[in-house]
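Beneath this line is the structure, given in structure tokens, with notes to follow.
The values are calculated or read from the model by the stated rules, or taken from the named source; none is laboratory data. It should be emphasised that the depicted structure is a prediction, and the values quoted were computed from it without experimental measurement. All Cβ positions, even for glycine, are placed from backbone atoms using ideal geometry, and neighbour counts span all protein chains on display. The protein model used for the area step is the full one, side chains on, heavy atoms only, and it has no ligands, DNA or RNA in it. Shrake-Rupley method; radii C 1.70, N 1.55, O 1.52, S 1.80 Å.
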Amino acid sequence: MGVDSLLDDIQDLNLSYLLLVQRLLREDRPTAMFRLKLDEPMADLLATLSGKQLVQLARTNQLICRLGFDDAEQLTKVLNNQREQGLARIHAALLMACADSDVGKGEAR
Amino acid sequence: MSEKSLVNEMLQVQLAIELIELGARLQVLETETDLSRGRLIRLYKEVRGVSPPKGMLPFSTDWFVTWLPNIHSSLFYSIYRSLVESSGCERMEAFVRAFRLYLEQVSLGDDDFVLGLTRAWTLVRFFESEMLEQVRCTCCGGLFVTHSHAPPQDYVCGICQPPSRAGKTRKRREAELRQMGEVSGQEGGITESVLAGGGARA
């Protein structure tokens with residue numbers, strides 16, 4: 001596969017992502033912010049972008065959105081659980097849902 | 001002056017309907033809306049077609065720390081907390097949204113709904129009265145529901161380290177037997193047989 005087609009794929013994905021963000025935010029802002037892991041200023045900004053601005057943002061050789069997990073070790077544990085009880089999906093969802101919380105991190109409360 | 005705002009009342013009715021549709025018991029509605037008990041009962045009958053169940057709500061924090069309920073409660077509470085903290089949602093707004101997100105996530109898999117709406121609401125109330133809190137699993141880093149003042153050191157969650165009999169319910173065994181009988185290696189097998197067995201709705 002040529003570099004050109006990869007670049008196209010990245011830009012397509014960027015634009016699809018941005019359009020999805022706008023659609024979700026329009027439908028139900030708080031739920032969308034949870035699904036997308038966006039904070040308020042970013043949600044407000046992305047919701048107001050024009051079509052032209054979306055295309056502008058999407059045209060880059062880097063992906064505009066990031067992975068919902070930032071710790072490979074954590075994700076390994078979800079995927080390679082020796083005593084898996086069919087809970088991998090719910091485990092992954094739980095870890096993403098509490099990724100931004102500070103509870104129990106560092107000093108004890 | 002003492003006249004009630006019509007808009008406010010309409011919003012309350014809307015909230016009550018939404019909660020009833022999601023499976024709320026009368027006690028939840030009485031606590032979370034200003035509507036009279038009589039109107040709530042009428043509303044309940046109109047929405048559900050039956051009278052509201054009588055009796056007390058389960059009042060124990062213990063259910064939330066048993067194996068599978070703990071996992072589902074922890075997922076729900078993390079969603080709820082995220083909505084309250086980062087999307088500027090008001091408490092009940094966040095609650096209804098979090099519950100819908102929880103149902104949505106669980107329905108993606110072959111899991112049964114373990115946490116009903118009334119249980120979820122009780123869970124939030126237990127957190128508000130500081131009878132329950134979240135603790136971080138030292139293995140996977142996820143947040144889980146636990147009794148307040150339980151020692152947080154060395155906590156390992158029920159997914160990383162399931163108890164020895166975890167998940168070996170009769171229903172699951174039957175489902176597995178049935179699947180073995182079918183010989184087909186289809187992925188949807190368990191889902192269908194579990195669904196046929198009737199999803200346990202708390």
Evaluate the distance, in nm, between pseudo-label points positioned 7 Å from the Cα of A:THR60 and of B:TRP67 along their respective Cα→Cβ axes. 4.7
Cleavage-rule hits (chymotrypsin sites (Phe, Trp or Tyr not before Pro)) in the stretch B:31-94: DSSP loop, at most 16 neighbouring Cβ within 10 angstrom: B:PHE59
Interface buried area B-A, accessible surface with 1.4 Å probe, both sides summed, nearest 100 Å², comes to 2900
Relative contact order (percent) for chain A, with alpha-carbon contacts under 8 angstrom and 6 or more residues of separation? 28
Which residue fluctuates most in the GNM of chain A (Cα springs below 10 Å): A:ALA47, A:ALA32, A:ALA72? A:ALA72
Just tell me which aspartates and glutamates come within less than 20 Å, Cα to Cα, of A:LYS37; anything on the same chain fewer than 8 places away is out. A:GLU27, A:ASP28, A:ASP70, A:ASP71, A:ASP100, A:ASP102, B:GLU85, B:GLU90, B:GLU93, B:GLU104
Taking accessible area as the heavy-atom solvent-accessible surface of the protein chains with a 1.4 Å probe, which residues of the stretch B:124-158 lose no less than 50 Å² upon going from the isolated chain to the full protein assembly? B:ARG136, B:CYS140, B:LEU143
For every helix of n ≥ 4 consecutive DSSP H residues, a contribution of -39,500 (n - 2.57) applies; sum these over the protein assembly as shown, divide by its total residues, and give [θ] at 222 nm rounded to the nearest 500 deg cm²/dmol. -17500 deg cm²/dmol
For the protein assembly as shown, the fraction of alpha-carbon pairs in successive 20 Å shells from zero, as %: 26, 54, 19, 1
List residues of the stretch B:96-120, by number, whose backbone nitrogen lies under 19 Å from a label position 7 Å along Cα→C-beta of A:LEU20. B:101-102, B:104-109
Dimensions in Å of the stretch A:17-109 - Rg and Dmax from alpha carbons: 16.7, 50
Bounding extents of the stretch B:41-81 in its principal axis frame from Cα atoms, largest first in Å, are 35, 22, 16
Scan the stretch B:15-115 for trypsin sites (Lys or Arg not before Pro) in coil per DSSP, keeping those whose Cβ has at most 16 other Cβ atoms within 10 Å, and list them by number. B:LYS54
